[in-house]
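Q: Sending over a structure as structure tokens; questions will come in a sec.
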């Protein structure tokens with residue numbers, strides 16, 4: 001069981017990164033960016049292309065992958081946060097969804113569907129055994145990176161002026177403009193932070209799942225579900241939601257088998273949402289106003 | 001008077017030219033292919049098309065069939081069964097194809113089969129596929145699905161399942177065999193057929209684990225397999241998920257033989273698995289060896305990797321059973337048309353009477369009036385991944 005618990009914590013950490021990417025954009029702009037999963041795919045595939053096909057050092061390829069992911073997310077921001085957002089958030093959501101489909105289709109045209117092995121930046125040197133599981137450098141570095149990133153983002157969100165500006169933007173974008181907060185810039189920062197989180201998630205997932213154009217679909221969906229579980233309106237809740245989701249998924253697989261694990265986890269999610277519609281620790285606007 | 005006569009001559013000459021051009025334009029034999037060529041499963045359809053393209057190039061280079069060029073009309077159904085059926089209707093009724101090659105993917109093939117049957121056009125199934133498209137037991141058991149118009153070149157899943165269980169038990173010496181399969185139709189069908197095959201061979205799986213196709217980490221399922229003391233793991237899924245099982249097994253330090261079904265021979269397994277899946281086993285009724293002994297087959301694989309290097313088929317990764325089944329099916333069809341003409345009814349009759357046909361990989365296809373499963377007599381062969389190559393296990 002210890003193996004499944006550890007594996008659940010690792011995937012939960014990745015879900016937490018993805019949930020946080022959703023949360024940052026949502027809390028700042030009130031837009032759910034459904035292209036997050038596909039941004040993960042783009043980051044993984046561009047990094048793979050730079051490293052394996054162009055022969056660049058993995059770190060350089062990663063920087064290029066991150067830059068392209070940021071650029072694409074800025075294009076999505078421009079489309080989703082134009083007049084569409086003011087018209088209807090659902091329309092903005094559909095725009096992000098369309099971008100996601102476009103990215104997958106484009107990805108298939110560029111990279112095909114076969115997929116490839118993705119190297120681990122930190123190697124997979126066996127360190128010690130946990131039950132029958134061989135814990136490698138990749139696992140330990142994943143835990144460290146996820147921990148550090150989540151801590152830094154939390155610090156930015158709750159301690160830095162930038163984070164407070166983002167919270168203010170979430171409350172009332174027009175009022176922020178009146179007091180001199182550059183809303184366009186704040187929105188761009190939120191989208192950029194999410195894109196960077198997607199890139200980090202990509203380099204942690206790809207050595208496990210391989211680089212392929214389908215890599216982001218389920219991770220994006222589960223990251224979103226994890227964010228909903230914790231509460232998308234709060235970064236910390238999204239992180240805890242990710243960890244809970246990963247561990248619950250893994251342990252239900254261990255105890256009940258693969259046939260029922262996804263059903264179990266989504267049934268639990270539905271029950272929680274029936275009791276707490278805003279997620280375990282999420283807040284509604286009226287709660288904050290009160 | 002003279003002008004009228006001249007005018008008649010001009011009209012006659014123009015009419016002759018039109019008839020001649022029409023004759024030239026008609027001097028071609030159209031064959032149809034409907035397959036998935038975009039989306040996550042595109043590789044399967046593109047492999048099939050590549051195999052047919054290669055066969056048609058060879059046929060046309062030798063002057064076509066009875067002087068007529070062969071033209072392939074391929075349509076991408078994007079895994080949409082309704083679209084697949086409509087495209088088959090378009091190819092059959094509008095384009096007048098003389099034979100139709102249904103999709104590699106069972107669902108689409110099942111949707112286009114009835115269109116061919118209704119129109120009276122032979123349907124040539126190139127790939128190994130679910131039983132539902134044409135049952136192994138022969139023509140007539142399921143008349144709505146299998147008819148005298150459907151011809152299967154690839155083996156059925158049930159036929160392969162039987163071979164897989166026997167190999168796991170007899171050649172890999174499995175006494176406690178575990179089954180893992182994905183949660184899409186393909187994996188579920190493998191589960192059903194493998195479970196039946198296990199019962200027929202007096203084998204009981206000690207664990208049966210289903211997993212989502214895009215599962216990142218298989219630790220929980222494989223931990224259950226370890227706890228069940230399994231000594232062989234049989235897997236029914238596609239290439240990439242099989243690779244992720246392989247990767248997790250390595251991480252868990254598992255040494256049990258991993259036995260994969262034929263679909264895992266696709267590129268995605270070796271390109272996604274650590275060390276290109278070194279040591280994993282795979283079964284196939286086809287001769288899937290990366291190092292063919294037959295010079296003709298060796299030449300084919302060399303030409304193939306030279307032609308399709310741009311889509312990832314390097315020398316090491318050249319193993320494309322789907323492609324060479326479609327390749328064989330196209331050549332078989334060409335022989336039938338050569339002998340019987342291009343009327344669909346005569347093609348259908350000729351398909352049954354051509355006699356044994358040796359395909360490019362060395363397997364022999366046999367059709368008859370009572371058997372439209374040309375691979376039904378082929379035993380499953382055992383291969384192993386070694387340094388990225390698929391090597392036969394003697």
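Just so it is clear, none of the values below were taken in a lab; they were calculated from the coordinates. Since we're looking at a predicted model, the values are computed, not measured. For neighbour counting, all protein chains shown are included, and Cβ atoms are generated from backbone atoms with ideal geometry for every residue, glycine included.
Q: Is the shape of the range A:1-122 rounded, prolate or oblate, going by the alpha carbon gyration tensor and its root eigenvalues a ≥ b ≥ c, with a/c under 1.5 for rounded and a/b larger than b/c for prolate?
A: oblate
Q: May I pose another question? What is the angle, in °, between the Cα long axis of helix B:239-251 and the longest principal axis of the Cα atoms in chain B? Nearest 10 is fine, range 0 to 90.
A: So the helix axis and the longest Cα principal axis differ by about 20 degrees.
Q: Same structure again: What angle do you read, to the nearest 10 degrees and between 0 and 90, between the alpha-carbon axis of helix B:42-61 and the longest principal axis of chain B?
A: It works out to around 40 degrees.
Q: For the peptides B:155-166, B:287-298, what is the packing order when you average, over each peptide's residues, the other Cβ atoms within 10 Å and list the highest mean first?
A: Sorting B:155-166, B:287-298 by mean packing, highest first, produces B:155-166, B:287-298.
Q: Remind me, relative contact order of chain B in percent, using alpha carbon pairs under 8 angstrom and six or more residues apart?
A: Over chain B, the number comes to 16 percent.
Q: Just counting partner chain Cβ atoms within 10 Å, what average do the residues of peptide A:209-220 show around their Cβ?
A: 4
Q: For B:244-251, what's the mean count of beta carbons from other chains sitting within 10 Å of each residue's beta carbon?
A: Counting other chains' Cβ atoms within 10 Å and averaging over B:244-251 gives 3.
Q: Arrange the peptides B:332-338, A:264-270 so that the one whose residues have, on average, the most other Cβ atoms within 10 Å appears first.
A: Details: B:332-338: 22.0, A:264-270: 15.4.
Ranked from most to least packed, the peptides come out as B:332-338, A:264-270.
Q: What percentages, rounded to whole numbers, describe P(r) for the protein assembly as shown computed over all alpha carbon pairs with 20 Å bin width beginning at zero?
A: The percentages, shortest bin first, are 17, 44, 28, 9, 1, 0.
Q: To continue, here is another question. Per-residue counts of other Cβ atoms within 10 Å, averaged by peptide: what ranking do you get for A:194-203, B:45-54, A:103-112, highest first?
A: Numbers: A:194-203: 27.3, B:45-54: 24.4, A:103-112: 17.3.
Highest to lowest by the protection proxy: A:194-203, B:45-54, A:103-112.
Q: Angle between the Cα long axis of helix B:295-307 and the longest principal axis of chain B, 0 to 90 degrees, nearest 10?
A: That helix lies at roughly 80 degrees to the long axis.
Q: What relative contact order, as a whole-number percentage, does chain A give when Cα pairs under 8 Å and 6 or more residues apart are counted?
A: 35
Q: Let me ask something additional. Shielding by partners for A:252-262, please: the mean number of other protein chain Cβ atoms within 10 Å of each residue's Cβ.
A: Neighbouring Cβ atoms belonging to other protein chains average 6 per residue here.
Q: Right, here's the next one. Kindly identify the range A:2-286 as rounded, prolate or oblate by the Cα gyration tensor criterion: order the square roots of the eigenvalues as a ≥ b ≥ c, call it rounded if a/c is under 1.5, otherwise compare a/b with b/c, prolate if a/b is larger, else oblate.
A: Oblate, since a/c reaches 1.5 and b/c is not below a/b.
Q: If you take the C-alpha gyration tensor of chain B, multiply each eigenvalue by 5 and take the square root, what semi-axes do you get, largest first, in whole Å?
A: 44, 21, 19
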